[in-house]
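Undergrad: Structure in structure tokens, see below.
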Amino acid sequence: MMSGVVQIHVEGNMEEDIQSIMNPAIKIPGIWAGSGFFIKHNKLEGHIITNAHVVRNAVKIEVSSMLTSEERFEAEVVGLVKTLEPDVALLKLTGKELLRFKKLAVRDIEYLQLRKGSSPSRGEEIKAIGYPMGMVEPNISSGEITNFISGSEYTTERFVTNAAINPGNSGGPSINLNGKVVGLNTAVMIDADNIGFITPAGFIKIIIENLLQQNEPHFAGIGGKLQKNADNFNPLLKQSSARGVIVYKIKPGGFLEAANIQNRDVILSINGVEFDRHGIVIGKEGHFRHKNIYDVMKLIPIGEEVELAYFRKGTTRTARAIAMRNPEKGVRSNPVIEEIKYLEVFGMIIQELSVEIIEAMRNVDTNAQIEMLQTIEQEKPVLVVTHIHQGTQADEMEWSAGEIIVTANEEEIHTLDELKKVLDKNVNGSVLLECRDGVIGYFRVE
């Protein structure tokens, strides 16, 4: 097991820096390290699993192993979950580097296998392996699965452990007594006594398969909004007792629409897995499990047919549809600094609004953050000013970071490309920009 775990050395951009989010022209370089492990999956060779947060803003990635002394080997990202839900990335040694690794290794690469089947039980013993605190050899910390955290529409299930997970340990495996990978060491709760979080093996498997087959690290989504059921609804929904969850919104182009589900339908089960009125899985033994309807949906590979049992107007019905990712919203997550697109014009930085900008705005202007939060469910992108340079046109008109631009020369705009087209049409002229709160600016296009 130990020889299958590697240390990951990264040079990249520090993503915690607010300046880089608000003004992407500013990049703060840094170096850091994490852990990972060689994964056994079909015929993959030289592939490594780690946490996405370890490598998502990497410029250069190198791997070292106890099999090869202190030699380092270049690795590249196959794919990763940029939003860290779940916090998983797949790397691989390049062909040349894999050959060099094999040549220098004192023995064959040990590939670790993901645990199959149902989730581990509370109290199951595990060993968390990794390179914490910059250690040059992998460290083992023992513990057990102590709890479970269900997922949601936006988050994924996690296991809780009392095994020590320290900085640098992120991305290493948690192994059970049979030598199988239960999950990925992901995070630790600050100022808590031995509370760490593990990304379950089932989600790792889905990510690998989606990356290799679909070339995208996404999960299947429910494609709508769900509400807890209650006995108060029995007369309205013509149900004898509250069971299953109520659909109150269908997202266009999503899974529920494809299954012809309607508002006020009650979802009872997915692929035979039944849910209580909270959306929690009812186990075969009659006990409630820590998984919920969102976890069940995410563990179905994209492209696979799904059977849905639902209740409508006093009748239980079934429907089938293909598992698909949720339709993208206008406001997305864009955490990879190198991928941020922006326009620098009139002395200001303009970007398409992202989750990261909203979070960063809390430290700049809380009122502007509240305004941004009101747009988060919009279907189309939103343009926002994230930085103002002093002594410029924007500064002279008292524009500030956080302004949401809605029109240019009376035309509704949502993207950087749309704004750029308006600017290109008015070279050597002027452009009137208007914001969501009514603020205007009349700018010379030079």
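The values are calculated or read from the model by the stated rules, or taken from the named source; none is laboratory data. The structure displayed is predicted, hence computed values, not measured ones. In this analysis, Cβ positions are derived from the backbone assuming ideal geometry, glycine residues included, and neighbour counts consider all displayed protein chains. Keep in mind that these areas ignore ligands, DNA and RNA; they rest on the heavy atoms of the full protein, side chains included. Shrake-Rupley method; radii C 1.70, N 1.55, O 1.52, S 1.80 Å.
Undergrad: Does K103 count as under 24 Å from the mean Cα position of the chain (by Cα) and either under 30 Å from L226 (Cβ atoms) or assigned to a helix (DSSP H, G or I) (or both)?
TA: Details: under 24 Å from the mean Cα position of the chain (by Cα): no; either under 30 Å from L226 (Cβ atoms) or assigned to a helix (DSSP H, G or I) (or both): yes.
No: the conditions fail for K103.
Undergrad: Kindly indicate whether V406 is among the aliphatic types (A, V, I, L, M) and under 30 Å from N13 (Cα atoms). Before you say what the answer is, go through the steps one by one.
TA: Details: among the aliphatic types (A, V, I, L, M): yes; under 30 Å from N13 (Cα atoms): no.
No; evaluated as a whole, the condition is false for this residue.
Undergrad: Further question: Give S20, S3 a once-over and let me know the one that is touching a helix residue (DSSP H, G or I) at 6+ places or on another chain (Cβ under 7 Å), under 19 Å from N363 (Cβ atoms), in a helix (DSSP H, G or I) and of a type outside the set (A, V, I, L, M, F, W, C).
TA: S20
Undergrad: For residues that are over 15 Å from T315 (Cα atoms), of a type in the set (A, V, I, L, M, F, W, C) and exposed (fewer than 15 other Cβ atoms within 10 Å of the Cβ), tally how many sit in the stretch 223-246.
TA: Residues that pass the stated criteria total 1.
Undergrad: Can you tell me which of H414, H387 is under 30 Å from the mean Cα position of the chain (by Cα) and farther than 19 Å from R332 by Cβ?
TA: On the way: H414 fails: farther than 19 Å from R332 by Cβ.
Of H414, H387, the one residue that is under 30 Å from the mean Cα position of the chain (by Cα) and farther than 19 Å from R332 by Cβ is H387.
Undergrad: Only residues that are surrounded by 14 or more Cβ atoms within 10 Å (Cβ to Cβ) and among the charged types (D, E, K, R): list them for the stretch 289-304, please.
TA: Pass one, the stretch 289-304, residues surrounded by 14 or more Cβ atoms within 10 Å (Cβ to Cβ): 289-302.
Scanning the stretch 289-304 gives R289, K291, D295, K298.
Undergrad: Which pairs do you get when a residue that is in a strand (DSSP E or B), found in the stretch 127-141, comes within reach of a residue that is of a type in the set (F, W, Y) and open to solvent by less than 20 Å² (accessible area, probe 1.4 Å), reach meaning Cβ atoms under 8 angstrom, with the pair 6+ apart or on two chains?
TA: Hits for this filter: I129/F37; N139/Y131.
Undergrad: Then there is this: Looking for whichever is open to solvent by less than 30 Å² (accessible area, probe 1.4 Å) and either β-branched (V, I, T) or touching a residue at least 40 places away in the same chain (Cβ under 8 Å) (or both) here; the options are V281, V273. Which one fits? Quick ask: steps written out before the conclusion?
TA: Numbers: V273 fails: open to solvent by less than 30 Å² (accessible area, probe 1.4 Å).
Only one candidate passes the filter, namely V281.
Undergrad: If you don't mind, another one. Just the residues that are out of contact with any Ser or Thr (no Cβ under 6 Å at 6 or more places or on another chain) and in a strand (DSSP E or B), please, taken from the stretch 409-441. Spell out the reasoning first.
TA: Start the filter on the stretch 409-441 by keeping residues that are out of contact with any Ser or Thr (no Cβ under 6 Å at 6 or more places or on another chain), which leaves 409-433, 435-441.
Listed by number, the residues that qualify are E411, E412, S430, V431, L432, L433, C435, I440, G441.
Undergrad: Checking P132 against (1) surrounded by 18 or more Cβ atoms within 10 Å (Cβ to Cβ); (2) touching an Asp or Glu at 6+ places or on another chain (Cβ under 6 Å); (3) more than 21 Å from V81 (Cα to Cα), which test does it fail?
TA: (2)
Undergrad: For the stretch 322-377, which positions are in contact (Cβ under 8 Å) with a residue 12 or more places away in the chain, among the hydroxyl-bearing types (S, T, Y) and open to solvent by 50 Å² or more (accessible area, probe 1.4 Å)?
TA: Matches in the stretch 322-377: Y342 only.
Undergrad: From the list L80, L104, L90, exactly one residue is in contact (Cβ under 8 Å) with a residue 24 or more places away in the chain, in contact with a Gly (Cβ under 6 Å, 6 or more places away or on another chain) and either of a type in the set (V, I, T) or more than 30 Å from M348 (Cα to Cα) (or both). Which is it? Give the derivation first.
TA: Working: L80 fails: in contact with a Gly (Cβ under 6 Å, 6 or more places away or on another chain); L104 fails: in contact with a Gly (Cβ under 6 Å, 6 or more places away or on another chain).
It is L90.
Undergrad: Can you work out which of the residues in the stretch 426-446 that are under 13 Å from W399 (Cβ atoms) and out of contact with any strand residue (DSSP E or B) (no Cβ under 7 Å at 6 or more places or on another chain) is modelled with the lowest pLDDT?
TA: D437
Undergrad: Then there's this: From the list G402, G391, pick out the single residue that is under 28 Å from E446 (Cβ atoms), part of a loop (DSSP other than H, G, I, E, B) and open to solvent by less than 50 Å² (accessible area, probe 1.4 Å).
TA: Numbers: G391 fails: open to solvent by less than 50 Å² (accessible area, probe 1.4 Å).
Matching residue, one of G402, G391: G402.
Undergrad: Quick check, is E307 without any contact (Cβ under 8 Å) to a residue 60 or more places away in the chain, in a loop (DSSP other than H, G, I, E, B), open to solvent by 10 Å² or more (accessible area, probe 1.4 Å) and more than 19 Å from E418 (Cβ to Cβ)? Give the steps one after another, and end with the answer.
TA: Details: without any contact (Cβ under 8 Å) to a residue 60 or more places away in the chain: yes; in a loop (DSSP other than H, G, I, E, B): no; open to solvent by 10 Å² or more (accessible area, probe 1.4 Å): yes; more than 19 Å from E418 (Cβ to Cβ): yes.
Here the answer is no, as E307 does not meet what is asked.
Per-residue answers, yes or no, for (1) part of a loop (DSSP other than H, G, I, E, B); (2) open to solvent by 30 Å² or more (accessible area, probe 1.4 Å); (3) within 25 Å of N166 (Cβ to Cβ):
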residue: L44; (1), (2), (3): yes, yes, no
residue: V54; (1), (2), (3): no, no, yes
residue: E62; (1), (2), (3): no, yes, yes
residue: E74; (1), (2), (3): no, yes, no
